[in-house]
Structure formats: structure tokens, C-alpha cells
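The values are calculated or read from the model by the stated rules, or taken from the named source; none is laboratory data. The structure displayed is predicted, hence computed values, not measured ones. Here Cβ is always computed from backbone atoms with ideal geometry, including for glycine, and neighbour counts include all displayed protein chains.
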């Protein structure tokens, strides 16, 4: 029986090849989004699981407010390096504790022998215990002594191959240049480790050991931030150990700094300041960014919607074909075939189509993987995936669910036909579930209309951001990744066309926030402090609201004058130019005079408001280092001037390349994620509209077939073709209007929540709602009219000759 049903199934699929192709294509599109989603989820869940020993590795996080986006305390990966000594001394559960420099994303220039320098990222400095904590597999060298000597380096196999053309690199030397003017340091390769088979949260290409991480600064006022990881002896209770760590941290700071540093109060009121988290949870809990689960939520919703539309489309197309299969069902029932057997036959057909759709979707996944991986900044693959077996079982589960969802209802409808009625040619009582099918079309169009509205709202928001007054001029501006030094700055200023050369700790794409307590008229305020040079504010092209900017004509500007932004000025009362405020210190207080107020300017994206900020040239009250060198040109065509700047750079630093970002590129990077999201929404929208139209096309064919005799009678009684087309269109237009009425409130809620993620946003636009309705009506009318005209021009005699 199975062999016979399989033969009949293939014969029917080939016979109705157009409907089969539409069914398979629709399901394939819906499954493609789902398979991509599965790949991404499996990838994110596999972080830091490349070795079972990593179960006992923990990251230490400290709670403080330095360099946070909002100047409020957050749990951060960067610790005071002295915390490692405290853990070793006070917490016996830790077998080894290692300190690692933060990878700021900076590049280094690597020179091997006489070859040209290579520019690489991920060369991270660590102490000698790194490989005691992390169980990397050594291909060359020994983990026990690889980092014992200063100026040693352990390479990953991929890095060794890149630098030397082979992983046989033990004992070879490389020279590393870390910035402009650096003479370079020579390191000896003391080990080569295997690249992990799974992704890792602590990314690096090489581990350096210069010996500096073995000790902490002698001056207690100086801190060296670093990442700290620990290996515990056995499985632990994380919550209980965190309480012990906090208690030990408090006592340690008391002994080290004295009571003035411990203002947390009594034991019962202390705020936690140090905690450990398992290494496997590090990737899912980034300090300031969205975690991968939050990132994937919109994709989950989109994938489910698209799969739902494709399943609805399958059901509608299957039931539209039911008239052609009615006599087959009638004959089989008369010959003794049971309803259960018929159900299995039609489910088998659905399963074949689902399997073919799944195979097509895998091919589409291979085509779309590069773009999808780029969109989520993840290296995804299908056939070479380390969890391929798990993924295949997941796909088997998806296949079963989709087959049941798509095939169960059509199978039930087809197997339910009354054999006596259908063999007489009377299908009227066999057409049940019209309301359900209409409802499914409404759901399809509601989802499609929601997508169209979403695109309109997103486009409005994106246009708003692109054209928004940022408070500074991003044109003709570049930011070179280097610290400011007068000698280099003066050389650049001599280049014709260079208008300003400056530095700042706060510029779009590279900000360093420092919180500062300000006392004004006996009230204390928390301001963000930005260190600048004399030419910074003119170089940024900021707008002066009142007062003046810094100037070399005023010697006081390098001592105790400041410029505020509007947000800070409003907090102090508005008209505050010429007023003084104090910055208290442990030993004394510093007084600053406000000389100007500038318009707020955005430097950290549009998801948060501009912080109340004070700009100062002076070192009083604290100063921050920077890695920004701003150069403003006086013309749009500044490429030849940029080349002159590069030549000046090469004179000082021939071994290290000049790395820079234009103001426009920095701005585009801020809105890149939103552009990517909108592009993804657009693709899903096109697919959903296409599938909805196919479903509508199928249902209109079904209705036209069902009303063949009615149409014939109307034509005989004098109805014109246009009247017939309008009659068939009317019911579908009602469904499309109902779908839009449903989509409006849903779209408003979803898009309003999305807009809430922006500190600066448009009011909810009305035009996308109207446009979505008009588009869906026009497209639906055109689609239905094709089938309606076909029914209207048919010969009524053929439909009525047996009556």
C-alpha cells in the first residue's frame, strides 16, 4: 500500500507541477529563515564549549562607573589588576588566577625577517598563568613554561601559518610595533596552540608576555585595568562564592587603601563590587551591548511569521486543488479505502513536498549564509558545522512539525468527502471550511501589511537620523587612531588645506566617558568630562549657543575655564556663562569658570540622550588619555591632502600604518545595525507579500471553480464580464481591508516599541499605514482579477449543459 501511495503521490505532484512548484517554493522560503535561525542559535550556544575543562573557568567582573555609556556603575569585564592578588590570597577555591590586557580592537604591525610588515589584531598581553587557566592544545612548546620569560609569544596555528607559512614556528622571532613612532619590540615564539573548534568569548590571535602583568603598580593611586579569569579546583556554588568574594574584596580594600576607600557601610548594607560568572555565560552577558538573545528576537518573530505564511499558503493551495481530487477520493472510498488510509496518503504527499522544500531551503541557506553571517557578525556554516548531527536532528523535528501543520488540514478535508455526492458531480456539500480559508488569507495579508508598515516607519526613522542635526559637522573630518603630540600636529598643520588638528576623549566612534562631581550653588551634579585641546571644538564644527570657545589668546583657558553643552547648562539653570563651579578632591577643591555653552552633539549613537558634559583643556581635576587625532580639511576634495598627511606619518613611523576613520564613516557605523535590520525586514516583506499573493491566487481559483455554475447563470441572465469580475473581487477586497484593520494596531504597537529604542525619533508617521492599505488592495485586486477574468470569459454552456 505504501508503495502504491508513493507512486500516486509522485504522479499527482508531477501532474499538478505548477501548484507543486509553488508549494515547494513557498515552504522553502519559510524554512530558509528558520534554518538560518537554527544555525545562529546553535553557534551562539556553542561559545566557550570547546573543552570540558572550561566548565571550571570563571570570569571576574567589577562594579564601577568609569568609562560607562551613561556614567553609572555597571558590571564590567575590566578589573583593577590588584583584584587578582586578592583572589589568590583570600579565595582558596581558585587554583590559578590569570590577568589579561583588554583587546581594545587596536592593530599591531608585525615584521618577520625581511618581509613587509603585516597589520593584525588580537595580540593580547597576559601574565605567565594564562595557559594554566585556559586548556589550549599545544602543537609546539609546553604550557608550563611557554610564558615564563619576558618577550615571549604563543601563536595560534592560523596566525603562525599567516606569519611564517607553516605552524612550525617554535623559536622564531617577530618584531611588534604598537603605534606611531614605536621602535618595536622583539618577541620569541615559545609555543603554537590549536585554534579551538568552537567560538570563544576571549578572542585573540597571539598571547604576548612582556612581564608587566606579573606585578601591580606600587603607587596605590594608579590602577591598571585588565581582564581576570580564574580556574577553580572543583564544581562550586557560584552564589555562595560570590558572597565570600565580596567580603574578601571589602576587607582587602580596607587593608590596602584604608577606611576612606570603604564607604559601603556595614556588612549588611554593602553593595556588591566583585563577582564571578561562568565562562560559558560570558558571551551571553556583554557589559554594555545587547546580548545575542535580544538581538535574535526580531529574527525569531520574522522567521515564525514567514513560516506561518508559507504553511497557510500550502493549506490554501492544497484545498484549492481539492475539487480535482474529489472523484479520486470518491472512487477509493467506494472500493473500500478507509478514511485513515486516505489521511496517510495525503500526509505522504505533504511530507514529500516538505522534504523537497527542506532540501531547497538548505541550498538557499548556503547562498544566503555569507550575508546573514555579516549581518550578525558571526562565522556560520552548515556542512562544516561542529554540531552538524544536532542540527540535522533539529531539522528532522522541523520537517515533522511543518508536515503536520501544512498537511493535516488538507488531508482531513480531502478524506472527508462524501463519495455518493462527489461521484454524482455535486461538490456543494463537500466544500467546508471556507471561513477558515478566508481567515487564513486575512492572517497572511495582515502579516504582509504589518511588514509594509514596518518598512515605512523604519525608513522614516532612518531618514530622520541621516538628516538629523548632530550638533557637529562630520564632513571634511578624519580621526586618526593615535595619541596627540605637538611635533606631529605641527607638521600636519603646515599641509595646505588642513584647517585644524586636535584631540578629544569624545568623538563619534571612539568615546571615553569620565564622570565628575560638580558643586554649583551648594548643589551637586554628575557631569561627563571631556578632555580637549584648543582646536577641538572648532575642528568638530560645534555650534556656539552663548559665550565663547577656547582660545590661545586667553591664557586662563589652559588653567581653569570650561565649556558646557546645553544639557549641562540646563541642569545648572540655563544662563550660566561667567559663573563658577567647584570640583571637590580629597586634598583640595578646584574652581572652574564657564566661558561658553555649545549645542549638544551626538557621539555615541542615537539610542541614548547626550550626557550633560563639560569640556576642558586643563589638567586640573583629572585628565584622560586619548587615541583620537582629529584633522579637519577645508574642502570636500581632500584625498591629495590626506596622502600628504600619510607621507608625514611615514616619516615618523615607517613600520606602522596610519589608520583613520572619516566622520561620515563613523556616522554610518552608528546607524549600520538599523540599516541591516531594515534590509532584513524588506527581504522578509517581499517574501511574505509574494507568498500572500500566491495564497490569494489559489483561493480565488478555488472560489471561481466553486462558483462556476453561478457565474454561468449570471452570464446567461445578461451580466457583463466586468460585473462578474467585480463580484468576485468584492469579497476578496473585504478580506484585504479586514487584514489591514488588524495590522494597523499590531504595527503601531510593534513600531512604537522599536522607536522607543531611540532617544531621538520621529513621531509615528501616518503615511506608511495608508500606503500599506493601498498597496495591498491594488496588488490583491490585480491578482484576483486574473482568475476572475478567466472565469468571466468562460463559455456558460459548458457549465450548464448537464443541468
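Assorted remarks:
- Any chance residue 605 is touching a helix residue (DSSP H, G or I) at 6+ places or on another chain (Cβ under 9 Å), at pLDDT below 90 and either on the phi > 0 side of the Ramachandran plot or outside the structural domain of residue 570 (by TED's automatic domain parsing) (or both): yes
- The residue of the stretch 613-648 that is modelled with the lowest pLDDT, among those that are under 14 Å from residue 481 (Cα atoms) and part of a loop (DSSP other than H, G, I, E, B), is 625.
- Condition met for residue 96 (more than 31 Å from the chain's Cα centre (by Cα), buried (at least 17 other Cβ atoms within 10 Å of the Cβ) and in a strand (DSSP E or B)): yes
- Looking only at the stretch 102-121, and only at residues there that are more than 23 Å from the chain's Cα centre (by Cα) and in a strand (DSSP E or B), the one that is surrounded by the most Cβ atoms within 10 Å (Cβ to Cβ): 110
- Restricted to the stretch 649-734, the set of helices (runs of 4 or more DSSP H) holding at least 1 residues that are under 32 Å from the mean Cα position of the chain (by Cα) comprises 663-670, 672-706.
- Scanning the stretch 372-403 for residues that are touching a residue at least 12 places away in the same chain (Cβ under 8 Å) and in a helix (DSSP H, G or I) yields a total of 11.
- Residue 70 being within 24 Å of the chain's Cα centre (by Cα), at pLDDT 80 or above, surrounded by 15 or more Cβ atoms within 10 Å (Cβ to Cβ) and not in a helix (DSSP H, G or I): no
- Selection of the stretch 139-196 for residues being crowded, with 21+ Cβ neighbours inside 10 Å, over 14 Å from residue 112 (Cβ atoms) and without any contact (Cβ under 8 Å) to a residue 40 or more places away in the chain yields an empty set.
- In the set (1) touching a residue at least 40 places away in the same chain (Cβ under 8 Å); (2) under 30 Å from residue 390 (Cα atoms), residue 12 fails one condition alone, (2).
- All conditions in (1) surrounded by fewer than 22 Cβ atoms within 10 Å (Cβ to Cβ); (2) touching a residue at least 60 places away in the same chain (Cβ under 8 Å); (3) touching a helix residue (DSSP H, G or I) at 6+ places or on another chain (Cβ under 9 Å) hold for residue 287, with the sole exception of (3).
- When the stretch 738-786 is filtered for residues that are within 26 Å of residue 567 (Cβ to Cβ), touching a residue at least 12 places away in the same chain (Cβ under 8 Å) and assigned to a helix (DSSP H, G or I), the ones remaining, listed by number, are 752, 754, 755.
- When we screen 236, 245, 228 for residues that are over 14 Å from residue 61 (Cα atoms) and in contact with a strand residue (DSSP E or B) (Cβ under 9 Å, 6 or more places away or on another chain), the only hit is 236.
Residues are listed down the side, and each one gets a yes or a no for (1) out of contact with any strand residue (DSSP E or B) (no Cβ under 9 Å at 6 or more places or on another chain); (2) in a loop (DSSP other than H, G, I, E, B); (3) surrounded by fewer than 21 Cβ atoms within 10 Å (Cβ to Cβ):
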position	(1), (2), (3)
444	yes, no, no
457	yes, no, no
461	yes, no, no
484	no, yes, yes
489	no, no, yes
